[in-house]
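One structure is given here, and the rest of the page talks about it.
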Amino acid sequence: MHIPDGILPAAIIVAGYATTGGVTWYSLRQIKRDRNPQENIPKASLLTAAFFVASWIHIPVPPVSVHLILNGLLGTILGYYAFPAILIGLFFQAVMFQHGGLSTLGVNASMFGIPAILAYHLFQLRYKIGKNNRVWTGIFAFLAGAGGLGLSVVLFFFLIITSIPANIDAAVERNVIYGLVLAHIPLMLIEGAFTAAVALFLMRVKPELLEQ
């Protein structure tokens, strides 16, 4: 679902970098407010690597295949660390494997990173019910995992459907985009379930890893 080079107009690319720069600054500012900002760096590094590798795990959803994103999981566990983690992961994916692109790095980072931050805030709603309640922790983790990916899919759809080049068959392109978007619905359920499983496991063995 990464947007490659050569698809988007220059105005959107510039806006993407501007948005990513602003959200990165805001995220780092929030991170500095932690009592010990360096304490979560190992956890963020581990999940950055997981995000980097996840794009190579493909799941067939005929007639296409989709790959894991895990931005909702990163938001759930990392909080504001998720945005710089996703930005770094996307950079290395683009440089090492041409997955996405450097010109669209800002757009892709915003497309995946902003939903990750929103997923974090969604998961934090469990505090209003009781953070030690396993049922509600699992429910909010599922919603965060599925919702993070779902919002990214919506942003992807909007960016691509409004940027179809004039020199190609727009009807065919739209059908392909619709099919790709629909194929991510099962992936939303998978990522939601996976995020819930991870959150419940951490709640049992090391609950402080869920604290932000």
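The values are calculated or read from the model by the stated rules, or taken from the named source; none is laboratory data. Computed from a predicted structure; not experimentally measured. For neighbour counting, all protein chains shown are included, and Cβ atoms are generated from backbone atoms with ideal geometry for every residue, glycine included. Keep in mind that these areas ignore ligands, DNA and RNA; they rest on the heavy atoms of the full protein, side chains included. Shrake-Rupley method; radii C 1.70, N 1.55, O 1.52, S 1.80 Å.
Hey, what's the chain come to in accessible area per residue, 1.4 Å probe, Å²?
So the chain comes to 49 Å² accessible per residue, rounded to a whole number.
Taking the Cα centroid of region 120-164 and of region 1-70, what is the distance between the two, rounded to the nearest whole Å?
15 Å
Quick one: which of 45-58, 107-120 comes out on top by average Cβ neighbours within 10 Å, and what's the full order, highest first?
Result, highest mean Cβ count within 10 Å first: 107-120, 45-58.
Suppose only helical runs count, i.e. DSSP H with n ≥ 4. What mean residue ellipticity at 222 nm does that imply for the chain under -39500 (n - 2.57) per run, divided by all residues and rounded to the nearest 500 deg cm²/dmol?
The helix contribution divided over the chain gives -23500 deg cm²/dmol.
Looking at the chain, do any whole DSSP H helices span at least 18 angstrom along their long axis by alpha carbon and average 0.0 or above on Kyte-Doolittle, and which? Intermediate values should be presented prior to the final figure.
Details: long enough: 10-32 (33 Å, 0.58); 41-54 (19 Å, 1.58); 82-97 (22 Å, 2.11); 105-123 (26 Å, 1.38); 134-161 (40 Å, 1.99); 170-205 (51 Å, 1.45).
Going by DSSP H runs, the hits are 10-32, 41-54, 82-97, 105-123, 134-161, 170-205.
Which of Q30, V66, T19 sits farthest toward the positive end of the charge dipole of region 1-72, with +1 on the Cβ of Lys and Arg and -1 on the Cβ of Asp and Glu?
The residue sitting most towards the positive pole is Q30.
Give the peptides 82-88, 132-138 in descending order of average Cβ contacts within 10 Å, highest first.
82-88, 132-138
Quick one: which of 37-44, 190-197 comes out on top by average Cβ neighbours within 10 Å, and what's the full order, highest first?
Order by mean packing, descending: 190-197, 37-44.
Rounded to the nearest 20 debye, what is the charge dipole size of the chain about its Cα centre when +1 sits on each Lys and Arg Cβ and -1 on each Asp and Glu Cβ?
820 debye
How large a share of the accessible area of region 1-103, in percent, is made up of carbon and sulfur atoms when the probe is 1.4 Å and the other protein chains stay in place?
69 percent
Projected onto the charge dipole of the chain (+1 at Lys/Arg Cβ, -1 at Asp/Glu Cβ, origin at the Cα centre), which of F83, P42, A10 gives the Cα projection farthest towards the positive end?
Selected residue: P42.
Computed over the Cα atoms, what is the radius of gyration of region 77-185 divided by 2.2 N^0.38 Å, N being its residue count?
It is 1.28.
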